[in-house]
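Heads up: the structure comes next, in C-alpha cells.
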Amino acid sequence: MHNGEHTDSKKTAPWRRSPNLTAFAAAGVPLLPLAGPVDDLGRLAGSGPLVPAALAGGAVAAVAGTMRRRSSGKGHRRHRSGVSLGPRARAYLRRRPGPGYASRWTLYKDYGRLSARRVAKFGRKSLTWQDRWFGPWEEYASFHGRAQGWIHRWGVYSTFEDLTLMIAPPQEGKSQKAAASLVEAPGPVVATSIRGDLIRDTAGLREQVGNVTIFNPEGVGSYASTMRWNPVAGCQDITVAVRRAGHMVEASENKGLSEASFWADWGCMTLAALMHAAALMGGSMRQVYTWILDKEESDHPLYILDEHAGSDLRSLETLRYFQTSMDQRTRSGVETTLTRTLRFMLHPGVVEMLHPVAGPGFDFESFLLSRDTVYLVSSAGAGNVTAPIFSAFLAEMKATSWELGNKYTNRDGQQVSRLDPPLTIEGDELGNTAPIAVDEWASWCAGSGIRINMYFQTWARIVERWGREGADALWGSAKCKIIGAGVTEERLLAKVAQLNGKIDVRDPDEVSYDQRGNPVRRPRWGEVDATPAGDIRKIPPGKALVLRSTAAAPTLITLVQLRKRRYFKQWVKAGRPAAGLSPVEPREIPRPRPDLAVRPEVVDQVPAAPDELGARRARRTPEAAPLLPLPTRPGPPPLPQHGTPASSGPAPGPASPPPLPELPSAVPDHPMWGAGKRGDAPPAGVPLLPLPTQPAPAESLPTEAAADGSAEGEPSAVPPGWSPWQRRAGGDR
C-alpha cells in the first residue's frame, strides 16, 4: 500500500452493496403460476411460458429490491451534484419526494392500516379480528390522504389514539378534510365551525346513521339552532358548577388586566357560587347576570344559599366575603372578569338559547352512547361571544365521557375503560370557537375514547390562545402533525425542519494523487435538513406534509377531500336529502328615531290616573262656583269700657273695632295738586292714585260670633271685602 492512499477507497459502503439476488428471485417464485398453466412449468427448453414466468419473477425481484434498498440507509442519502427533480416536481409526478421522506415500506408499516389494527385490538374490543382485517377501515382508522405512487397510491392513516394537529392557511383544504373525517367517524361527533358550509355538506350524510343537532345561538350561516342548553341546569352539584364556571372564565379573554390569573381564580369561585345559587332556585343565567350588575339584588343569592338545606357552605362563605369583606380594588377586578365572561348575555339570540324550556334538557350520556352529531356554530373574530358557552359544553361532554368510560360495558359484556366507539371532536378553528385546554386534555383523551382533530390557520394563533408553554405541550402531544401548503411562518417552518431530522448528502469527492501520480478519491459527506424550510413552503396546493411520532420519516400526501369521495357524489346525485334543518329567521332590528337626538327639558308631571278620561272633572264656570266661607279664628279679648274697671260689670258683648285716631285736617302739600284739605277733591283732570291696601291683622278679623247674633261656626254676615279701614276717594271717613 502506497503512502497517501485512502485505505477504504475500494471498500463498498453498506448502502451501496449489491442486494441479495437469491432472496429477490425466491420472492418471484410464487408468481410463476400467473404466467401460464401449471403443467407448462416442466418445460425447460424452448420459448414457451418460461419466458413470461421469468419476466414476472424479475419484476417482483426488482420491486422487492427497490423497497429493500430504499428502506435501508441509502434511502436517507443523496448526491449534491447532478440534475434531479425537486420535491415539488416529484409531488406533482406522484413520486417519492426524495431522500429523507418515507419509503414504501415505511408507508406500509407506519402510515398504513397495520398500526391502526394493532391499536384497535385493545382500543376497540367490540371489533373482532374479522372486523379489523376484513371490515371497513372507518371503524378503526382515520384517513388523511394518498401518498406517492402511479398504479397504487399508498393511503396514509392514523389510529384513534392519535391527536391530529393540522396547520394551514385559509382555503388549503382544512374544511374539506374535517368534513370527510366527520362523516366517516364511527361514533358520536361534536363539530365546531365558523361557517354553515360544514353543516350543508355533512348533515344529510350524518342523518343516515343518527340524529343531527345544531347549536347556533348567534344565528351564523343559514341553519338555525335545534336545541337549547341551560348552563345552570345540573349546578345543584357544586362540582358541576365549579367545572363549568372554570371553563367559562378560562375561555374568556383576560387581556388588559393585571394579575389576570388571580382575577380568573376569584372569578371562577364567584361565578360558581352564583350558578350554584341559581340552580337551587331553578333559575338560569339571567338571574346570575342580574345579581352581578344590580346591587339591590346582590343579596338574593346569599339568601338562597343560607335558606336551602342542600347548599354548599363554602360557596356561601365565598360569596359573602366577595360582597362584604373584599377590598374595592380586588372586587372591581373580579367584577370586570365576570362581566367580560358573561358578555354573551348582551346578545338576545344567545339569551334565548340559554333559557330553559319545558321538558328534559340535552342528555350527554345518551348522546355518547349513540352515533348522533352536534354542530357548534359561532362567529369568528372579536364578535364571537359564545366561546365560554361552547367551552363549558365540551367540558361537560368530556366529564360525562370520563364517567361513562370507567363504567362502560360493550356489547360482549366486557368491562372497558374507554368509550367504544370513541367520541370524535372535529375542532375547526378551535381556538376561536371553543378554546378548551387541549394541551391538558391530550394527556388522557387517547385512553378515554376521545379522538380530537384540530385545525388552525397559524402557529401564532395557538401561542396566543394557550401561551408558549401550552402551545409546546400541544405540539408535543399531537402524534399526527399535518402541515398544509402555503405556510410561511418562520417559527413553524423551523420547528418542522428540526423535527424531521437530517440526512447525509454526498459532496464531490476529494481527489489527491499518490507518489506514482495516480488519483485517489476520498468521498465526502455532509448533513442537511431532510425537509428544509424552503421545501416545506413550496408544497403544492392540495398537498400536505404528514409526520407521525412513531414513523421514521415524514411523507407528502394529497389531502382527502369530501367532494371527491364516492358516497358524497352519490348523495349529491340523489339531491342532497337532509331533513330537520330549518333556516335562520331574521331578527327584528329597531329603526332609528331622529327626534330622540334632541333631549327635551325635564318637567315634573303628576302621573295620570289609571282611567284618565273618567278621572277628569267636569268643566265649571267661575260664576257657578259657591262662595268660600271665611276662616274662623278665635277673636281678641274684649276691650274694657272707658271709666269702668275691666273686672267689673257684665260680661262684654261682641268685640267692636277700636276707634280710629283723629287725623289732622290739614295735609301736607301734594306735589300734584298743592295745598288742600284731606277731604277736598283733587283738581279736575288729575287721575286718582290707588291707595295701597294691606291685609288686615289677625286681631282685626271678624270673630266667629257675628254682630247680628249668628251662631258660632256659621258664615259671617260681613260682606266680602269689608274692612274697618275702608274709605272712598273724595268722601269723608
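The values are calculated or read from the model by the stated rules, or taken from the named source; none is laboratory data. Keep in mind that this is a model prediction, so the values were computed, not measured. Here Cβ is always computed from backbone atoms with ideal geometry, including for glycine, and neighbour counts include all displayed protein chains.
A few remarks follow.
- Filter pass, Pro594 being at pLDDT 85 or above and out of contact with any Pro (no Cβ under 6 Å at 6 or more places or on another chain): yes
- Residue check, Ala245 closer than 25 Å to Ala272 by Cα and among the small types (Gly, Ala, Ser): yes
Conditions (1) touching a strand residue (DSSP E or B) at 6+ places or on another chain (Cβ under 9 Å); (2) β-branched (Val, Ile, Thr); (3) modelled with pLDDT under 90, marked per residue:
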{"residue": "Val249", "(1), (2), (3)": "no, yes, yes"}
{"residue": "Ala264", "(1), (2), (3)": "no, no, yes"}
{"residue": "Gly267", "(1), (2), (3)": "no, no, yes"}
{"residue": "Ala273", "(1), (2), (3)": "no, no, no"}
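- Residue list for segment 155-209, filter: over 22 Å from Gly123 (Cα atoms) and of a type in the set (S, T, N, Q): Gln171, Ser175, Gln176, Thr192, Ser193, Thr202, Gln208
- Sole residue being aromatic (Phe, Trp, Tyr), loosely packed, with under 13 Cβ neighbours inside 10 Å and either in contact (Cβ under 8 Å) with a residue 24 or more places away in the chain or over 16 Å from Ser549 (Cα atoms) (or both), chosen from Trp444, Trp459: Trp444
- Taking the criterion of being in a helix (DSSP H, G or I) and surrounded by 14 or more Cβ atoms within 10 Å (Cβ to Cβ), the residues of segment 294-305 that qualify are His300, Pro301, Leu302, Ile304, Leu305.
- The set of residues in segment 306-318 being free of Cβ contacts under 8 Å to residues at least 24 places away in the same chain and not in a helix (DSSP H, G or I) consists of Ala309 alone.
- Selection within segment 435-483 - of a type in the set (Lys, Arg) and under 23 Å from the mean Cα position of the chain (by Cα): Arg451, Arg461, Arg465, Arg468
- Taken over segment 484-513, residues that are at pLDDT 80 or above and over 60 Å from the mean Cα position of the chain (by Cα) amount to 3.
- The set of residues from segment 565-590 being β-branched (Val, Ile, Thr), exposed (fewer than 13 other Cβ atoms within 10 Å of the Cβ) and not in a helix (DSSP H, G or I) comprises just one member, Ile589.
- Of all the criteria given as (1) surrounded by fewer than 17 Cβ atoms within 10 Å (Cβ to Cβ); (2) within 26 Å of Ala102 (Cα to Cα), the one not satisfied by Arg468 is (2).
- Breaking point among (1) out of contact with any Lys or Arg (no Cβ under 8 Å at 6 or more places or on another chain); (2) in contact (Cβ under 8 Å) with a residue 24 or more places away in the chain; (3) not charged (D, E, K, R), for Trp154: (1)
- Segment 127-153: number of residues that are modelled with pLDDT of 85 or more and closer than 22 Å to Arg96 by Cα: 5
- Verdict on Val374 being surrounded by 20 or more Cβ atoms within 10 Å (Cβ to Cβ), modelled with pLDDT of 85 or more and over 28 Å from Cys445 (Cβ atoms): no
- On inspection, Glu429 passes the criterion of being at pLDDT below 85 and buried (at least 21 other Cβ atoms within 10 Å of the Cβ).
- Verdict on Gly333 being buried (at least 17 other Cβ atoms within 10 Å of the Cβ), over 30 Å from Thr213 (Cα atoms) and in contact (Cβ under 8 Å) with a residue 12 or more places away in the chain: yes
- Within segment 106-131, the set of residues being without any contact (Cβ under 8 Å) to a residue 60 or more places away in the chain, within 13 Å of Phe160 (Cα to Cα) and of a type in the set (D, E, K, R) comprises Arg113, Arg117, Arg118, Lys121.
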